[in-house]
1. Please specify each residue of the stretch 131-182 satisfying the condition of being buried (at least 23 other Cβ atoms within 10 Å of the Cβ), among the acidic types (Asp, Glu) and within 16 Å of the ligand (Cβ to nearest atom).
2. Collect the residues in the stretch 65-93 that are at pLDDT 95 or above and either more than 19 Å from GLN111 (Cα to Cα) or acidic (Asp, Glu) (or both), keeping them in residue-number order.
3. I need a count of the residues in the stretch 184-196 that are under 12 Å from the mean Cα position of the chain (by Cα) and touching a residue at least 40 places away in the same chain (Cβ under 8 Å).
4. What number goes with the only condition from (1) within 26 Å of SER41 (Cβ to Cβ); (2) surrounded by fewer than 17 Cβ atoms within 10 Å (Cβ to Cβ) that GLU190 does not pass?
5. Quick test of your reading of the structure: SER235 fulfils all but one of (1) at pLDDT below 95; (2) surrounded by fewer than 16 Cβ atoms within 10 Å (Cβ to Cβ). Name the failing condition by number.
6. Tell me which residues, restricted to the stretch 116-151, are closer than 24 Å to THR102 by Cα and among the acidic types (Asp, Glu).
7. One residue is enough: does the stretch 307-327 have a residue meeting the conditions assigned by TED's automatic domain parsing to the domain that holds LEU178, of a type in the set (Val, Ile, Thr) and without any contact (Cβ under 8 Å) to a residue 12 or more places away in the chain?
Amino acid sequence: MQKIDKMKRFRIILLCLLVSLPALAASPSNLIYGPWVSNVSETGFTVLWVTEKPSLDFVVVAPDDGSAFEKQNRPKYYQEAYGRRVSGRFHSVRIDGLEPGTSYRYRVVGQVIKDDSSPYRISYGPTRQISPKQDASVRTLSSSAAVCRFSVLNDIHYNDARYMALASGIDVPATDFLILNGDIVSYCQEIDTVAKHCIVPIAAQAARLPLIYARGNHEGRGRDFDKFYGLFPTSTGEFWYSFRQGPAAFIVLDAGEDKPDSSHEYAGQADYDPWRLRQTEWLKEAVKDPAFASAPVKICIMHVPTVKFRDSWYSEVWITENWTPILEEAGIDLMLSAHHHKWICSPAGADGKAYPVLVNSNLERMDVEVTLGNIFVKTYDEAGALVHQWEK
Ligand SMILES: [Fe+2]
């Protein structure tokens, strides 16, 4: 017992050190969280990072071809709004015009804003590279890829040590993206804290693997809930969106809160019923999109699963009754979900829907491989041991 306590204490101290490292390193580089990549498509991606002090930063992109980064006239990308370059602490830069299925290196460079009290004379610190010396590379999506490989993590609820341990087993070069299937945090009370816990424990993976965020019910809680989207922008401007990689097309949905809007837990601020109806209208059109409809394999990602159990709560029942018919009509092959904090394998035809639903545990990482005719799912625990397998 004493031995376990010592081990636990050691892990907590180690974790605290790791979480505070970026802040300690911030003085020369100004970077505290990131960079990470989101909203990947066949021709672009968004690079995001958080700095300690407000700064005017930009991203330099180079092909991942071994050429010298510095010696070429590489394109620079700034965050832009209404014709101006945006400075601040939370940075989000869109890179477009890239080639499908191609790997690109990127570098974040910036200048701290020393004084912007005058709108006409802004003074800056020196220009410095703030991303790590070893440039990260990211691969764009490609509908013509033969295989789609991805990992899924969910329901971490601020447990940095588990998050780090589960992510450490990801084979980054062989993986196309990482799906965060909701409840990585328990609430968004303060956006700095949310960014830290979402990114720092998986910093090594998030710099190279595009993050696909399926918002959970808990990310809708807390004062800064409306700043959360800014950390994980999508192609639609909403938490519902679609993308394609190789043989697999994906629909990402958001069931919102799990209880009725009138529940006392939401303190009069929940308004999910009309919002879910808006999402329904989007879903009806999204499944008709040729890029989705023509895909050999169709996967739906949603934190709350469309299953009707005897003890299912309000939104679980609602999405099963309202979205299942649309997903069945669209020929969904598999839904990957979370929320229940345990592995659930609900086969096709059971629990109120014609397609299979897999719910990943909060204690496991799910690795998925999709080929032209098959879906292989394996889950691993923190120690890297295989726990569950599923195949279609
Ligand atoms: Fe959860």
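The values are calculated or read from the model by the stated rules, or taken from the named source; none is laboratory data. For clarity, every value in this text was computed on a predicted model and none was experimentally measured. Positions of Cβ are backbone-derived with ideal geometry, glycine not excepted, and every protein chain shown enters the neighbour counts.
1. The answer is ASP155, and nothing else.
2. Once the filter is applied, which keeps residues that are at pLDDT 95 or above and either more than 19 Å from GLN111 (Cα to Cα) or acidic (Asp, Glu) (or both), the stretch 65-93 yields GLU80, TYR82, GLY83.
3. 1
4. (1)
5. With respect to (1) at pLDDT below 95; (2) surrounded by fewer than 16 Cβ atoms within 10 Å (Cβ to Cβ), SER235 is out only on (1).
6. ASP135
7. yes
Condition check ((1) assigned by TED's automatic domain parsing to the domain that holds VAL47; (2) away from the ligand (no atom under 16 Å from the Cβ); (3) in a helix (DSSP H, G or I); (4) not hydroxyl-bearing (Ser, Thr, Tyr)) across all residues:
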| site | (1), (2), (3), (4) |
| --- | --- |
| ASP192 | no, yes, yes, yes |
| VAL200 | no, yes, yes, yes |
| ARG215 | no, no, no, yes |
| PHE228 | no, no, yes, yes |
| PRO233 | no, yes, no, yes |
